[in-house]
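Heads up: the structure comes next, in structure tokens.
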Amino acid sequence: MPGRKARPGSGNTPRKAARSSQRTLPAGPRAAPSAVSAAAAAAAAAAAAAAEEEEEESRLRQRNRLTLEDDKPAAERCLEQLVFGDVEDDEDALLQRLRSSRGQLHGSSDDSEVENEAKDNLSQKRKPVWVDEDDEDEEIVDMKNNRFRKDIMKNASESKLSKDKLQKRLKEEFQHAMGGVPDWAETGGKRRTSSDDESEEDEDDLLQRTGNFISTSTSLPRGILKMKNCRPANAERPTTARISSVQFHPGAQVVMVSGVDNAISLFQVDGKTNPKIQSIYLEKFPIFKACFSANGEEVLATSMHSKVLYVYDMLAGKLIPVHQVRGLKEKRVKRFEVSPDGSFLLINGIAGFSHLLSMKTKELIGSMKINGRIAASTFSSDSKRIYNSSGNGEVYVWDVNSRKCINRFLDEGSLYGLSIAVSKNGQYVACGSKSGVVNIYNQDSCLQQTNPKPIKAIMNLVTGVTSLAFNPTTEILAVASRKMKEAVRLVHLPSCTVFSNFPVFKKSAVSRVQTMDFSPRSGYFALGNEQGKALMYRCCIIIQTSEDFFLKSS
């Protein structure tokens, strides 16, 4: 029995423990809500504190703004209220309003071009306020008896034009002279381009700086060459004899004029009076050609019916006749060329012979022969090669040192050559023919090819081309024929187009050109005619800025 009592007693104890453990289990979930509520209370307290702090800061800001407003004048406060509105209650409204207005501006900028175009169309469609009945009557303008309007007549049938046609003709002449419609003459929306903003910025930058804004063009523009007519070079020694040679001194402002009146005259070049310096008279010696030496210290002259070569020493003032050159068996000495480096003298003989002489001693170095007769000869710009133009249209190229023919080609389309010239920079070779055609070649092709193709064929002359001359900058090629009056043209390089304003045909002052030359800096252009006049022109270079054209003498 005691054992049975002991069993329940021992059993009762664990059941109570188990029962007590089951009662204490719900204590965990009940404690969790209390922790969450404590955290929420803390967060709410922090939010309340932040709101209170923000409200306090807003009150301080409002108080400071009111203090500043009290110090402002009434006019300034009124202006701010008109511009920004009433922002006493909420400054965020002002910021929101500014953002929305900025967006509206960006959105409306896309339609600005359409609006501008519509405005231009509207302005173009406006009707005149009143109409004059006399304007409707077509008024006829006399073109023939007005010396200014006469120049813009295209044919004889335009002796009378209406006002509208005259206005259109003047516009055409202006646009032709300007090379098109200038930017400032554009009307309406055509003048405005997409790069207007950039151009306005460039203009603002231009106005903020000082200095020289005019820059010279790198090359001579084509179309129209500005030239000024100067007093004839030989005005102080007038003559009626044909001019045979005109040449500028290589290092001084001096021009030499010679003719068949047996005289060689030197003039100072100033473009106004051109005073005479000296005249040399050679008795019974009608001058066929006269030329300066490369250094400008001597003048060489030949006659039409003599084998004597005269050399005039300008420093010593002495005239030296060279009666006979040993080894030279020519009966007459007429055509000759001086090498650019001043070392050689080339004399063209008969039967296709050309003779190379030393410029210093006037002694024969060697001779070269071509098939047919020699029409013209010239040296290359480096004095290493000689070009012979033959009477059958062929061109021979010789090496000066070895005196051997290094190339031979046929001038395209030429049956009879008359003249030849090489540019000063060694880039071009020009060949003139009896038919009036001038072929311009690249010098490299003339040295390497047996059948070179010309860059351009100048066909503005209809008679034989007897004179060719490049200017020192290789921007102008002068071509002329002595067979016809006014037969002279100036060709622009490298475009190979003819300047349209030279010569002035209606003045008929050039006559038959016998010889021509450019000054060392291309500032003057001189030509001699059969009437005994050495005409001289002042060349000008066009200088272009961003919008304007200025003329400046070279």
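The values are calculated or read from the model by the stated rules, or taken from the named source; none is laboratory data. Since this is a predicted model, take the numbers as computed values, not measurements. Cβ coordinates were reconstructed from backbone atoms using ideal geometry, including for glycine residues, and neighbour counts include every protein chain displayed. In case anyone asks, the SASA skips ligands and DNA or RNA and just uses the protein heavy atoms, side chains included. Shrake-Rupley method; radii C 1.70, N 1.55, O 1.52, S 1.80 Å.
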- prompt: If you go through region 284-315 one residue at a time, how many are among the basic types (Lys, Arg) and open to solvent by 70 Å² or more (accessible area, probe 1.4 Å)?
  reply: 2
query: For Gly188, are the conditions met, namely being surrounded by 11 or more Cβ atoms within 10 Å (Cβ to Cβ), within 30 Å of Val498 (Cβ to Cβ) and either out of contact with any helix residue (DSSP H, G or I) (no Cβ under 8 Å at 6 or more places or on another chain) or modelled with pLDDT under 70 (or both)?
result: no
field: Filter pass, Gly251 being surrounded by fewer than 18 Cβ atoms within 10 Å (Cβ to Cβ) and at positive phi
entry: no
- request: Using the structure shown, decide if Lys272 is part of a loop (DSSP other than H, G, I, E, B), more than 21 Å from Phe525 (Cβ to Cβ) and of a type in the set (Lys, Arg).
  value: no
- prompt: Any chance region 320-332 includes a residue that's within 23 Å of Pro520 (Cβ to Cβ) and touching a strand residue (DSSP E or B) at 6+ places or on another chain (Cβ under 9 Å)?
  reply: no
query: Is there a residue being farther than 23 Å from Ala235 by Cα and more than 38 Å from the chain's Cα centre (by Cα) anywhere in region 260-275?
result: no
- line: Listed by range, strands (runs of 3 or more DSSP E) wholly within region 296-395 having at least 2 residues that are under 22 Å from Ala252 (Cβ atoms) are 298-303, 309-313, 318-322, 336-338
query: Which number in (1) crowded, with 16+ Cβ neighbours inside 10 Å; (2) at pLDDT below 95; (3) within 23 Å of Glu530 (Cβ to Cβ) marks the one condition that Gly271 misses?
result: (3)
task: Determine whether region 407-429 contains at least one residue that is among the polar types (S, T, N, Q), in contact with a strand residue (DSSP E or B) (Cβ under 7 Å, 6 or more places away or on another chain) and without any contact (Cβ under 8 Å) to a residue 40 or more places away in the chain.
output: yes
Which numbered condition Val504 misses (of (1) open to solvent by 20 Å² or more (accessible area, probe 1.4 Å); (2) closer than 15 Å to Ala469 by Cβ): (2)
- prompt: Out of all the residues in region 147-170, which are assigned to a helix (DSSP H, G or I) and open to solvent by 40 Å² or more (accessible area, probe 1.4 Å)?
  reply: Lys150, Asp151, Ala156, Ser157, Lys163, Asp164, Lys165, Gln167, Lys168, Leu170
field: Condition met for Gly317 (modelled with pLDDT under 95 and out of contact with any Leu (no Cβ under 8 Å at 6 or more places or on another chain))
entry: yes
- request: For region 476-486, enumerate the residues that are buried (at least 23 other Cβ atoms within 10 Å of the Cβ) and either within 18 Å of Ser519 (Cβ to Cβ) or at pLDDT below 95 (or both).
  value: Leu477, Ala480
message: Take the conditions farther than 22 Å from Ser303 by Cα, in contact with a Gly (Cβ under 7 Å, 6 or more places away or on another chain) and open to solvent by 50 Å² or more (accessible area, probe 1.4 Å) and apply them to Asn392. Does it pass?
response: yes
- prompt: Pairs under 9 Å by beta carbon, first residue among the basic types (Lys, Arg) in region 256-277, partner assigned to a strand (DSSP E or B), six or more apart or different chains?
  reply: Lys276/Ser265; Lys276/Leu266; Lys276/Phe267; Lys276/Gln268
field: Hits in region 521-539 - residues which are surrounded by fewer than 21 Cβ atoms within 10 Å (Cβ to Cβ) and over 29 Å from the mean Cα position of the chain (by Cα)
entry: Glu530, Gln531, Gly532
Residues satisfying the stated conditions in region 379-395, i.e. of a type outside the set (Val, Ile, Thr), closer than 19 Å to Pro340 by Cβ and touching a Ser or Thr at 6+ places or on another chain (Cβ under 8 Å): Phe379, Ser381, Ser383, Tyr387, Asn388, Ser389
- prompt: Going through region 316-364 one residue at a time, which ones are without any contact (Cβ under 8 Å) to a residue 40 or more places away in the chain, among the hydrophobic types (A, V, I, L, M, F, W, C) and surrounded by 15 or more Cβ atoms within 10 Å (Cβ to Cβ)?
  reply: Leu319, Val325, Leu328, Val333, Ile347, Phe353, Leu357, Leu364
query: Inside region 368-383, can you point out the residues that are open to solvent by 50 Å² or more (accessible area, probe 1.4 Å) and under 15 Å from Gly352 (Cα atoms)?
result: Lys369, Asn371, Arg373
field: Boolean, Ser279 is of a type in the set (Ser, Thr, Tyr), farther than 22 Å from Leu364 by Cα and open to solvent by less than 60 Å² (accessible area, probe 1.4 Å)
entry: yes
message: All but one of (1) surrounded by 12 or more Cβ atoms within 10 Å (Cβ to Cβ); (2) outside any loop (DSSP other than H, G, I, E, B); (3) at pLDDT 75 or above hold for Lys119; state the number of the condition that does not hold.
response: (3)
- request: Name every residue in region 421-434 that is surrounded by fewer than 22 Cβ atoms within 10 Å (Cβ to Cβ) and over 27 Å from the mean Cα position of the chain (by Cα), in order of residue number.
  value: Lys434
